Amino acid sequence: RVDIATVLELAKQVSVLPGYRDAIVNAIVQEAATEAAADPPLNYAQLPDLGKPGPYAVNKQTLTFKIDALRPTLEGLSTSYDLVTDVYLPEGLTQPAPMVVVTHGFGSTRTSYGYIAQHLATHGFVAVAPEHPGSDLAYRKAYLAGEGLNVDISPLEFISRNLDISYAIDQLEKLATTDPAWANRINFQQIGVMGNSFGGTTALAVAGATINQARLSQECTPDQHILNFSVLLQCRARYLPPQPYRVADPRIKATFAAYPLTSVLFGPEGLSTINIPTFIMAGSRDVFTPVIVEQMHPFTWLKTPDKYLGMMINGTHFSTAEDAVSVKLPGLLKSPRPDIGREYFQGMSVAFFHVYLENRAEFRPYLTASYADALTVAYGQSPTTAETLPLKLVRSLTPAQITTAYGKEPP
């Protein structure tokens, strides 16, 4: 049987969405040009490239914390679990270092973006990467193999992942007071969080975004979101018992989210509750978390005055993935120059956390449209070539700008 109404709606979306996406990208390009014109005069091309490793050697340690709390695991809902955590320590510092928690995506591991944790540590940050046992690679493999797991992800995981981050911070604070080897290694007044994909969603939630149960109830119906597969994951949160969930950690001072899932889980009401500095990184050709509804529109919902949108034109969901991942992808998912995407990711995150965790004004020029343009030129990336990966950075984007760029009422 063929559902003609669904086929027609799919055809309509396929014909409309690419043009709308291109219009928003053009709006971002125009806004970036406006912001660049207002940037203070500076030879941005002469700034040191923060995408390159920093001066510090790194000591990586793997710690296992025993957590006494409810947690979805491979064995089902458990009253205690092991939180395995990699800690990347910069060596040679003379004072406690700021800390950044790196949270992985769905069906991934704590080492999947280990390169970014390693890179942050070379620039003087303690990077902490916990493994979320209810949504990691082992859980996904067990589910697909039919090994006793009846759901791809438990609704509780939308709460538990955030608590993992808080528990990891708690355990490290305890370690700093009980073990002389850990004393004065971490500045617990300077903590940030970052993640990609579902990890980006977690980074926003622990920073203050709230689950939007009314929106989930309204939007999670079978006939909606035909082309947005990320809603399948977001709608698992619909089955949480209806109550206010307070999973934000007030110790988090800044958040950096790459390709997050946001549209249905948070909506404008849930994202507008974030009040700390926020950076969203996106790729214009992302189909896993479609860039229009999961990053571009949501950026306009943020109310925090310190917000940034980094747009990799021609980028996909995997523009910052390691080469071992990228080479296995089919053409639709491949990104041009993921090596350059990783450099953007590394440099922007280092600058962002230097500014908003340590208040180091000398790194503010990196968080400008002018610097993104200079970096694009330095890497030989052209906005007019489909196989390149130019970067645009803006601090503002409004619905009015989007409507103007599209030329009519947005779909």
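The values are calculated or read from the model by the stated rules, or taken from the named source; none is laboratory data. In this text the structure is predicted, and so the values were computed from the model without any measurement. Virtual Cβ from ideal backbone geometry, glycine too; neighbours counted across all protein chains shown. These accessible areas exclude ligands, DNA and RNA; they are computed on the full protein's heavy atoms, side chains included. Shrake-Rupley method; radii C 1.70, N 1.55, O 1.52, S 1.80 Å.
This model, with +1 at the C-beta of Lys and Arg and -1 at the C-beta of Asp and Glu, gives the chain a dipole about its Cα centre of some 220 debye. When the C-alpha to C-alpha distance is required to be over 24 Å, the pairs from 66/328; 141/174; 253/334; 303/392; 60/392 that qualify are 66/328; 141/174; 253/334; 60/392.
When the range 215-349 is described by a simple charge dipole with +1 on each Lys and Arg Cβ and -1 on each Asp and Glu Cβ, the residue from 314, 230, 336 located farthest towards its positive end is 230. Computed from Cα atoms alone, the Kirkwood hydrodynamic radius reported for the range 105-156 is 12.3 Å.
Remark: the Cα gyration tensor places the chain in the oblate category, a/c being 1.5 or greater and a/b not exceeding b/c. Summary value for the chain: 17 percent relative contact order, contacts being C-alpha pairs under 8 angstrom separated by 6+ residues.
With every protein chain left in place, what is the accessible area per residue of the chain in square angstrom, probe 1.4 Å? Intermediate values should be presented prior to the final figure.
Working: 17430 Å² over 411 residues.
Ligands and nucleic acids excluded, the result is 42 Å² per residue.
Which value, in debye to the nearest 20, gives the size of the charge dipole of the range 52-147 about its Cα centre, when Lys and Arg are +1 and Asp and Glu are -1 at the Cβ? Each step should come with its number before you reach the end.
Numbers: 7 positive and 8 negative charges, 49 e Å.
For this selection, approximately 240 debye.
Dividing the mean sequence gap of close Cα pairs (under 8 Å, 6+ apart) by how many residues the range 111-159 holds gives a relative contact order of 24 percent. Quick check: the distance between the Cα centres of the range 153-230 and the range 31-102, to the nearest angstrom? Centre-to-centre distance over Cα atoms comes out at 14 Å. Of all beta bridges that DSSP places with both ends in the chain, some 45 percent have antiparallel geometry.
Which length gain, in nm to one decimal place, applies between residue 66 and residue 33 when the Cα-Cα distance is subtracted from 0.36 nm times their residue separation?
On the way: separation 33, 0.36 × 33 = 11.88 nm, distance 5.06 nm.
Result: 6.8 nm gained on full extension.
The distance linking the range 337-396 with the range 267-320 is 15 Å (Cα centroid to Cα centroid, whole angstrom). Evaluated with a Cβ-only charge set (Lys, Arg +1; Asp, Glu -1), the range 7-71 carries a dipole of roughly 480 debye about its Cα centre, given to the nearest 20.
With viscosity set to 1.306 mPa s and temperature to 10 °C, compute the Stokes-Einstein D of the range 372-411, Rh being the Kirkwood radius across alpha carbon pairs; µm²/s, no decimals. Please report the intermediate quantities before stating the final value.
Working: Rh = 12.1 Å.
So the translational diffusion coefficient is about 131 µm²/s.
Taking all protein chains as present, what is the carbon and sulfur share of the accessible area of the chain, in % to the nearest whole number, probe 1.4 Å? So the carbon and sulfur contribution to the accessible surface is 56 percent.
The value of relative contact order for the range 10-168, using C-alpha pairs under 8 Å at least six residues apart, is 21 percent. The three principal axes of the C-alpha atoms in the range 1-116 carry coordinate ranges of 58, 57, 20 Å, sorted with the longest axis first. Stretching the chain fully between residue 269 and residue 179 yields a gain of 28.1 nm (0.36 nm per residue, less the alpha carbon separation). Farthest toward the positive end of the dipole of the chain, out of 201, 15, 407, is the Cα of 407, where the dipole comes from beta carbon charges about the Cα centre. The aspartates and glutamates within cross-link reach of residue 12, meaning a Cα-to-Cα straight distance under 20 Å and a gap of 8 or more places when in the same chain, are 3, 22, 219, 223, 286, 294, 409. Between the residues 289, 398, 92, the greatest Cα displacement towards the positive end of the dipole of the chain, with unit charges on the Cβ of Lys, Arg, Asp and Glu, is found for 398. Where the alpha-carbon atoms of the range 265-411 are placed on the principal axes, they occupy 42, 39, 28 Å, in descending order.
When the chain is treated as a Gaussian network with alpha carbon springs shorter than 10 Å, the biggest mean-square fluctuation among 236, 246, 342 belongs to 246.
Per DSSP H run of at least 4 residues, take -39500 (n - 2.57); add these up for the chain, divide by its residues and hand me the 222 nm value, nearest 500 deg cm²/dmol.
Working: 13 runs with 148 residues, N = 411.
Here the helix-only value at 222 nm equals -11000 deg cm²/dmol.
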